[in-house]
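Participant: Sharing a structure, written as structure tokens. Questions coming.
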Amino acid sequence: SPSLPVFSDLIGSTPLIDISDILPAKDRARRVQIVAKAEFMNPGLSLKDRIVSHILGKAEEEGKLKKGGTVICASSGNTGAATAMLCAMRGYKCLVLTSPKCSDEKRRAIEAYGATLVIVASDYDQKAAALAKEHGYFDIDQYENTLNREAHYATLGAEIYKQSGGTVTHWVSGASTGGHI
């Protein structure tokens, strides 16, 4: 049988898509080009797949995470879904703490991957850190972990530079944790 890619191998290498045709005609006439990075094409449908894959990979390399271990993640949605997905693939137990504002779509995704979802009224990141310390869980800690930034520098930034031929002059993005900025 042919060798097929593994689902998690599809993280990254998302295309830049020219979306200039959404501009009003007067702006298209000025030859303004707008491109979007199609992060929805990652297996977990967001750029958060990149950071979780990178953080888990480093933890495995450094012996901080072993098969059957428990990973905890504080997230408003996408990082929790990415963590649940990658933990299911790698054989880890997963606990995701989120706020009541987390969308039903993300809640269902997190639970579909077999993670335990805990809705916390406030300070879910601090509660995740406390639980990690108390129980010896590995904490993704997307808000403080410098591997978040490193993952984007090594993958997202490098891809955009290569795919654009180094011609990007402006960058617009949601802030989120700030790791990709």
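The values are calculated or read from the model by the stated rules, or taken from the named source; none is laboratory data. Being a predicted model, the structure only gives us computed values, none of them experimental. With ideal geometry, Cβ positions are generated from the backbone for all residues, glycine too; neighbour counts draw on all protein chains shown.
Participant: Considering each residue of region 124-157, count those that are assigned to a helix (DSSP H, G or I) and within 21 Å of the chain's Cα centre (by Cα), and give that number. Walk me through it before giving the result.
Facilitator: Restricting attention to region 124-157, the residues satisfying the condition of being assigned to a helix (DSSP H, G or I) are 124-135, 146-157.
Filter again for within 21 Å of the chain's Cα centre (by Cα), leaving 124-129, 132, 146-157.
Looking only at that region, the number is 19.
Participant: I'd like the full set of residues that are at pLDDT 85 or above and among the charged types (D, E, K, R), limited to region 1-49.
Facilitator: Residues satisfying the conditions are D18, D21, K37, E39, K48, D49.
Participant: Within region 13-29, which residues are more than 21 Å from M41 (Cα to Cα), among the aliphatic types (A, V, I, L, M) and surrounded by 10 or more Cβ atoms within 10 Å (Cβ to Cβ)?
Facilitator: Going through region 13-29, the residues more than 21 Å from M41 (Cα to Cα) turn out to be 23-29.
Now restrict to residues that are among the aliphatic types (A, V, I, L, M): 23, 25, 29.
Residue satisfying the conditions is L23 alone.
Participant: Just for region 68-97: of the residues that are under 15 Å from the mean Cα position of the chain (by Cα) and hydroxyl-bearing (S, T, Y), which one is surrounded by the fewest Cβ atoms within 10 Å (Cβ to Cβ)?
Facilitator: The selected residue is S76.
Participant: Scanning for something closer than 16 Å to D49 by Cα and not basic (K, R), does region 117-129 turn up at least one residue? I'd like the intermediate steps shown before the answer.
Facilitator: In the first step, residues of region 117-129 are kept if they are closer than 16 Å to D49 by Cα; the result is none.
The answer is no, given that none of the residues of region 117-129 is closer than 16 Å to D49 by Cα and not basic (K, R).
Participant: Among the residues in region 158-177, are any assigned to a helix (DSSP H, G or I) and either at pLDDT below 90 or within 16 Å of the chain's Cα centre (by Cα) (or both)?
Facilitator: We begin by selecting, within region 158-177, every residue assigned to a helix (DSSP H, G or I); these are 158-164.
Add one more test, that the residue is either at pLDDT below 90 or within 16 Å of the chain's Cα centre (by Cα) (or both), and what stays is 158-159.
Checked region 158-177: at least one residue is assigned to a helix (DSSP H, G or I) and either at pLDDT below 90 or within 16 Å of the chain's Cα centre (by Cα) (or both).
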